[in-house]
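Student: Pasting a structure here, questions to come.
The values are calculated or read from the model by the stated rules, or taken from the named source; none is laboratory data. Keep in mind that this is a model prediction, so the values were computed, not measured. Here the Cβ positions follow ideal geometry from the backbone for every residue, glycine too, while neighbour counts run over all protein chains shown.
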Amino acid sequence: RDDDRVTKIGRFLRKTCLDELPQLWDVLCGRMSLVGPRPHPLNLEVDGQPIETLIPNYHQRHAVRPGITGLAQIMGNRGPVEDLAMGRERVRYDVEYIRDHSLWLDMRILFKTLVVPFQKDGSY
């Protein structure tokens, strides 16, 4: 968010979420879905430990293709995983999405995602 390396154009792209557009190519190629758990970096660590060892059901989030947006994101859990509580909350939303998956839920998530760029502090 407060990264000095980000240019004015980069800030605009982030603020409007246009920086996510290249991921549409991954959707078209079948590597990602529009809606699903956001991909985490490989070997993600929290407090110096692999996140999958700290959150017992972490692996469940890999049961579906990763998405450009997801339930965790529309619930305000966006950006990098900064601590264990944030990781647990995100995984809880991801597992809830997988459990309750439906076309209606996907449509609701997509609609709310489209609203985020127009909110005051919607992007990260």
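Student: Cβ-Cβ distance below 8 Å, separation of 6 or more or different chains: which pairs start in region 78-90 with a residue that is farther than 20 Å from Ile68 by Cβ and touching a residue at least 60 places away in the same chain (Cβ under 8 Å) and end on one that is among the acidic types (Asp, Glu) and not in a loop (DSSP other than H, G, I, E, B)?
Tutor: none
Student: Please go through region 1-39 and pick out each residue that is among the small types (Gly, Ala, Ser) and part of a helix (DSSP H, G or I).
Tutor: Residue satisfying the conditions is Gly10 alone.
Student: Just the residues that are modelled with pLDDT of 95 or more and in contact with a Gly (Cβ under 8 Å, 6 or more places away or on another chain), please, taken from region 67-102.
Tutor: Those that are modelled with pLDDT of 95 or more and in contact with a Gly (Cβ under 8 Å, 6 or more places away or on another chain): Gly67, Gly70, Tyr93, Asp94, Tyr97.
Yes or no, residue by residue, for (1) buried (at least 21 other Cβ atoms within 10 Å of the Cβ); (2) in contact with a Leu (Cβ under 9 Å, 6 or more places away or on another chain); (3) on the phi > 0 side of the Ramachandran plot; (4) not hydroxyl-bearing (Ser, Thr, Tyr):
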| residue | (1), (2), (3), (4) |
| --- | --- |
| Asn57 | no, no, no, yes |
| Gly67 | yes, yes, no, yes |
| Ala72 | yes, no, no, yes |
| Arg88 | no, yes, no, yes |
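Student: Can you tell me which residue in region 42-52 is nearest to Met75 (Cα to Cα), limited to those that are surrounded by fewer than 17 Cβ atoms within 10 Å (Cβ to Cβ) and in contact (Cβ under 8 Å) with a residue 12 or more places away in the chain?
Tutor: Here the answer is Leu44.
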